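Structure first, then comments.
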Amino acid sequence: MTYSHVKDMSVIQRLFVLRSVAIAVQLLTVLGVYFLMSLKIALMPLLAVIGVELLFHVASIIFFKQRQAGNIAILCQVLADVFFLTVLMSLSGGATNAFVSLLLLPIVIAAVSLPAKLLIIISSSAVVAYSLLLLNMPEHTMHQMDMSNHFIGMWANFLLSVIVVTIVVGAMAKLITNRERAISLQREEQLRSEQLLALGVASAQVTHQLATPLSNLQLLFDELSEDYPDDVAVRAMAQPLSQCANQLGYFRTLATSIRENKKELISVNELVDEITDAVALQFVQTKLEVNLKTSEQDMQLELVSDAMLLPALLNLVQNGIKSNLKTGADKLTMLVKVENAKLFLEIRDFGSGLNPNSGRLGEQLVKSDSGLGMAMLLSNTTLERLGGDLRLVNHQEQGAIAHVSLPLKVN
């Protein structure tokens, strides 16, 4: 079995592998001690316990073959290991058994597999098991050669070892887990940055390539306007060409602002007005109802904005409008409230809601009903860059809600 295979195994699978090895070692040890060392041990009871442990092990493998094992299931499995080890020790010398320190192994396994609360349960069970083995020792064994102090010292040493393993190994396991999680998040962030960079380069290239043919079309339109000033088709070309030119100019301004990292402070009231004005101009067929759940004083609080904030919020509006088309709705609602030095915007549509398969929409490029979720990714990235957050959830009645939060500058 290679290292990569071991790394890909789940916690319960690794536990089963370790138990398989442990059962084999237990069986060989019992047979070796009885036949090779000629020591008097309860052979049949020991073999019976190992047999029961083997049956439990096989049943557990079958049970979890098609199931996911949670923390409680792993806790029960490790407690079972403590129980079987305790029974085996009680049948082969109890606290005098040279292998009694094996009770530390379930604690080590729990330290790297379970949360701190469940680890304490395993540690406590191991201490209780050792204590019971010590208390149930025969009197003649305790008094022979005055060994009682020695056995009590072994118990104290075991207790100290349990505490050290629980604290040190548990802390190291938590540190490693947090580090792996941080590395995973950093890897996702790097991948998303690469995707955004590729989108930016592609957008700039397309804009540059469109500039020349658009200029040519504008020249042709000017000539046609002079030759056919009253032609309906010629006059119909004026507005689309003007919109294209304005959008290209806006994109150049936007690119310059992003390159120079220009930021400004705007009030909540100004941001809400910009959103409502932009929706009224760009989406004339849609009615945006604004519900202010905040005081006039809070509406004057300021937040950090840049050139991408308004387009990011309009992407959410446009996404809601596209969703409305599926149900014939023509209305969006936007709830505005200020709490705990944050601005909260809730933009709701009345469409068919989010696809359950689009759970990571906004976090990375994922296939959606109308594309790859590129607009949502750009919106989420912009909000995160400004210290904000975006969550997409389905409304309990109809449609979906985009929850936006942005930090406010509080003096």
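Pairs over the 32 Å Cα-Cα cut-off, from the set K262/K293; K262/K337; K40/K117: K40/K117. Sparse packing (at most 12 other Cβ atoms within 10 Å of the Cβ) combined with a DSSP loop state is found for the following trypsin sites (Lys or Arg not before Pro) in region 218-326: K262, K293.
Using the alpha carbons of region 263-407, what is the convex hull volume per residue in cubic angstrom, as a whole number?
On the way: hull volume 15.2 nm³, N = 145.
Once divided by residue count, the hull of region 263-407 is 105 Å³.
When each of Y130, Y228, Y34 is scored by the number of other beta-carbon atoms lying within 10 Å, the sequence from fewest to most is Y228, Y34, Y130.
As a test, work out the antiparallel percent of DSSP beta bridges whose residues both lie in region 286-361, rounded to the nearest 5. Write out the running numbers ahead of the final one.
Values: 7 of 13 bridges.
Among the beta bridges of region 286-361, antiparallel pairing accounts for roughly 55 percent.
Rounded to the nearest 20 debye, the dipole size of region 263-407 about its Cα centre is 580 debye, using +1 on the Cβ of Lys and Arg and -1 on the Cβ of Asp and Glu.
Quick note: the coordinates plus some simple rules give every number you see, no bench work behind them. These numbers were taken from a predicted model, which means no experiment stands behind them. For neighbour counting, all protein chains shown are included, and Cβ atoms are generated from backbone atoms with ideal geometry for every residue, glycine included.
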